[in-house]
Amino acid sequence: MSETTVENLGRTESKRRTILDAATTLFLRQGFLGTSMDEVASLASVSKQTVYKQFASKEALFVGIVQSLTGHASDRVQTGMEDPADAAEMADELRGHADRLLTIALTPQLLQLRRLVIGEAMRFPELGKALYEGGPGRAISGLATVLERWAQRGLLTVDDPLVAATQFNWLIMGEPVNRAMFYGDEGASMTSAKRDAHVGAAIRVFLAAYEPGRSRS
């Protein structure tokens, strides 16, 4: 690949990133219907033709925003989890994963995106699919791989790692995220003590349900 081609690809990617950043600001501030492609082009300091060259429609741009934000968030969650030597170390690994989940899910930008996508999901179901697959779905799938590995080492009794990972995800996320969605910024705030207690209780429930040797019948 020539230097000129690489340089052109770099400029194209830079323009795409600039458009996504501008569109994210506008969509989160004004909503989908309240934002025009002209406004996106203006804030990104590019022509509307350039915006449409990168994204065929406003709907495609919205999906691009969802995929970008959830992708970056998921990258921060998908930190490698170590193989523990015992139950105490396993609880520590789960605690670290839970802390990353809550830290990212309760950020104002992602909560605002979740509200916006839910509001548009009936008209654009692909938005909800993009958010779920890039966010919770990816986190659950990654955890399922870890749980299967731990089960193979005899640390847990798990018949279906994906089910177990889904249960852990929502033990951690259910109450805090629901509260944040309904109560706004006030609901997203958790004291360190309350957060530690919530995570600790969820981990105890999970490990009790999947303790080694426990019958799954």
**Asked** Within segment 42-56, can one find any residue that is free of Cβ contacts under 8 Å to residues at least 40 places away in the same chain, surrounded by 14 or more Cβ atoms within 10 Å (Cβ to Cβ), closer than 24 Å to D21 by Cβ and among the aromatic types (F, W, Y)?
**Response** yes
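So in segment 22-41, with the set limited to residues that are over 11 Å from L116 (Cβ atoms) and hydrophobic (A, V, I, L, M, F, W, C), which one is surrounded by the fewest Cβ atoms within 10 Å (Cβ to Cβ)?
In the first step, residues of segment 22-41 are kept if they are over 11 Å from L116 (Cβ atoms); the result is 22-23, 25-26, 36-41.
Filter again for hydrophobic (A, V, I, L, M, F, W, C), leaving 22-23, 26, 37, 40-41.
Working: A22: 20, A23: 25, L26: 21, M37: 17, V40: 23, A41: 19.
The residue in question is M37.
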**Candidate set: segment 65-90, residues that are in contact with a Lys or Arg (Cβ under 8 Å, 6 or more places away or on another chain) and of a type outside the set (V, I, T); chosen: the one modelled with the highest pLDDT** = D83
**Subset of segment 158-189 (residues that are surrounded by fewer than 17 Cβ atoms within 10 Å (Cβ to Cβ), assigned to a loop (DSSP other than H, G, I, E, B) and touching a residue at least 24 places away in the same chain (Cβ under 8 Å))** = D159
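The values are calculated or read from the model by the stated rules, or taken from the named source; none is laboratory data. What you see is a predicted model, and the numbers here were worked out from it, not measured in a lab. With ideal geometry, Cβ positions are generated from the backbone for all residues, glycine too; neighbour counts draw on all protein chains shown.
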